[in-house]
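The values are calculated or read from the model by the stated rules, or taken from the named source; none is laboratory data. Here the structure is a predicted model, which means the values were calculated and not measured. With ideal geometry, Cβ positions are generated from the backbone for all residues, glycine too; neighbour counts draw on all protein chains shown. Heads up: the accessible areas ignore ligands, DNA and RNA and are worked out on the full protein's heavy atoms, side chains in. Shrake-Rupley method; radii C 1.70, N 1.55, O 1.52, S 1.80 Å.
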Amino acid sequence: MKLAQRLTLKQLRALVAVADSGSFTQAARLLHLTQPAISMQIRDAEGVVGQVLVDGRREIRLTAAGEIVARAARQALQALELAEVELKARMGVAAGTLDVVAITTAEYFVPHLLAEFGRRHPDITFRLTVENRERVRTLLQEQRCDVAIMGQPPRGLDLRRIPFAPHRLSFVARPDHRQAGRKRIPVAALTEERLLLREQGSGTRDNLERFLRAHGVKPLAADELGSNETLKQAVMAGMGIAFLSHHTFAMEVESGRLVRLDVADTPVIREWNVVSRTDRPMTPALDALLEFLQTEGAARMRAMER
């Protein structure tokens, strides 16, 4: 069969892209190709291997043979990327591709940080994905990302955690809400409110529930709506109040569509962390990103909040 002699890098990249995205269309976008081109690369790879690699009868998924080849393909592609990094490091250049995953709340500031970092390090590129907390844990566990930007790191994994900025969370409401403009609203007043919640497992939801338990407060009613954007729209529509990261609602407060409620003991202040596996090798590119976040991340995020 001689796979090493007959399989091409284009075929390997196509297979990995389909495996990671679960879609020929998304794989084509990732690789800046057309969908027929991706399909052709997969068919050619199957011809070389002599087995079906991708089963698309119901949903796009890899066959057992496809999993074997995709695992080897990832290792081969990663080895080539590391070789490029080492070659450029010999010339004193931080280079390579960083796979960065951010939890959904962090999507409001991470692109701004990476944009500035990218301007300073043009030889470093990114693959950025935004996922919920459980998905971020999976990607870290399976070593499918270099770093994660999140609040509290997941337990049960060998991780290095570097705090780089404070994470402020507060209650927000419509400008005509009865508590708007009041100073030092007692936490007990939340018992009269309808709270709008993120999904179970969300870091924001965890922080809210911890806050309510600490103050012995149970709200009048609660609705689970999911995303930060949905919560903000629901608050502006008058459905209730929400507990959100300051990064998510700065523009709405500035434009007068939302107000931050001055509830006692808020804002709740947590930490933003950059997290990576301890058994994942450090590279010049990763070192440069960590240094940038530690030295400038907090100041740039404060500016964005304002």
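Got a number for residues in the range 51-85 being farther than 30 Å from MET282 by Cα and at pLDDT below 90?
Summing the residues that are farther than 30 Å from MET282 by Cα and at pLDDT below 90 in the range 51-85 gives 7.
The conditions are (1) open to solvent by 30 Å² or more (accessible area, probe 1.4 Å); (2) within 18 Å of ARG270 (Cβ to Cβ), and ARG198 fails exactly one of them. Which is it?
(1) is the only condition that ARG198 fails.
Tell me, which helices (runs of 4 or more DSSP H) wholly within the range 203-306 include 1 or more residues that are of a type in the set (Phe, Trp, Tyr) and over 26 Å from PRO175 (Cβ atoms)?
284-292
I want to confirm something. Restricting to the range 252-280 and keeping residues that are closer than 20 Å to GLU107 by Cα and within 19 Å of the chain's Cα centre (by Cα), which single residue is surrounded by the fewest Cβ atoms within 10 Å (Cβ to Cβ)?
If we take residues in the range 252-280 being closer than 20 Å to GLU107 by Cα and within 19 Å of the chain's Cα centre (by Cα), then GLU271 is surrounded by the fewest Cβ atoms within 10 Å (Cβ to Cβ).
Can you name the residue in the range 35-57 that is part of a helix (DSSP H, G or I) and not hydrophobic (A, V, I, L, M, F, W, C) and, of all such residues, is most open to solvent (accessible area, probe 1.4 Å)?
Applying the filter and picking the extreme gives ARG43.
How many of the residues making up the range 260-306 are closer than 26 Å to ALA242 by Cα and acidic (Asp, Glu)?
4
Kindly state which strands (runs of 3 or more DSSP E) lie completely within the range 117-195 and contain at least 1 residues that are open to solvent by 70 Å² or more (accessible area, probe 1.4 Å).
Where strands (runs of 3 or more DSSP E) fall fully within the range 117-195 and carry at least 1 residues being open to solvent by 70 Å² or more (accessible area, probe 1.4 Å), they are 124-131, 159-173.
List the pairs whose first member sits in the range 58-83 and is in a loop (DSSP other than H, G, I, E, B), whose second member is open to solvent by less than 70 Å² (accessible area, probe 1.4 Å) and hydroxyl-bearing (Ser, Thr, Tyr), and whose Cβ atoms are under 7 Å apart, counting only residues at least 6 apart or on separate chains?
Filtered contacts from the range 58-83: ILE60/SER23.
Tell me which residues, restricted to the range 1-34, are of a type outside the set (A, V, I, L, M), farther than 24 Å from PHE126 by Cβ and surrounded by 14 or more Cβ atoms within 10 Å (Cβ to Cβ).
The one that is of a type outside the set (A, V, I, L, M), farther than 24 Å from PHE126 by Cβ and surrounded by 14 or more Cβ atoms within 10 Å (Cβ to Cβ): GLN11.
Given the conditions (1) surrounded by 15 or more Cβ atoms within 10 Å (Cβ to Cβ); (2) at pLDDT 95 or above; (3) over 19 Å from the mean Cα position of the chain (by Cα), which single one is not true for ALA237?
(1)
For the range 286-293, does any single residue satisfy the condition of being loosely packed, with under 14 Cβ neighbours inside 10 Å, modelled with pLDDT under 90, outside the structural domain of VAL172 (by the TED database) and aliphatic (A, V, I, L, M)?
There is no residue in the range 286-293 that is loosely packed, with under 14 Cβ neighbours inside 10 Å, modelled with pLDDT under 90, outside the structural domain of VAL172 (by the TED database) and aliphatic (A, V, I, L, M).
Pairs needed: first member in the range 160-182, under 30 Å from ARG277 (Cβ atoms); second member anywhere, part of a loop (DSSP other than H, G, I, E, B); C-beta distance under 8 Å; at least 6 residues apart or different chains.
Once the first residue is under 30 Å from ARG277 (Cβ atoms) and sits in the range 160-182, its partners that are part of a loop (DSSP other than H, G, I, E, B) give ARG160/THR278; ARG161/PRO153; HIS167/GLY151; ARG168/PRO267; LEU169/THR266; LEU169/PRO267.
Which of the residues spanning the range 192-222 are of a type in the set (D, E, K, R), at pLDDT 90 or above and in contact with a strand residue (DSSP E or B) (Cβ under 8 Å, 6 or more places away or on another chain)?
GLU193, ARG194, ARG198, ARG205
If I filter the range 82-95 for residues that are within 18 Å of GLN294 (Cα to Cα) and surrounded by 17 or more Cβ atoms within 10 Å (Cβ to Cβ), do I get at least one hit?
Yes, that holds for at least one residue.
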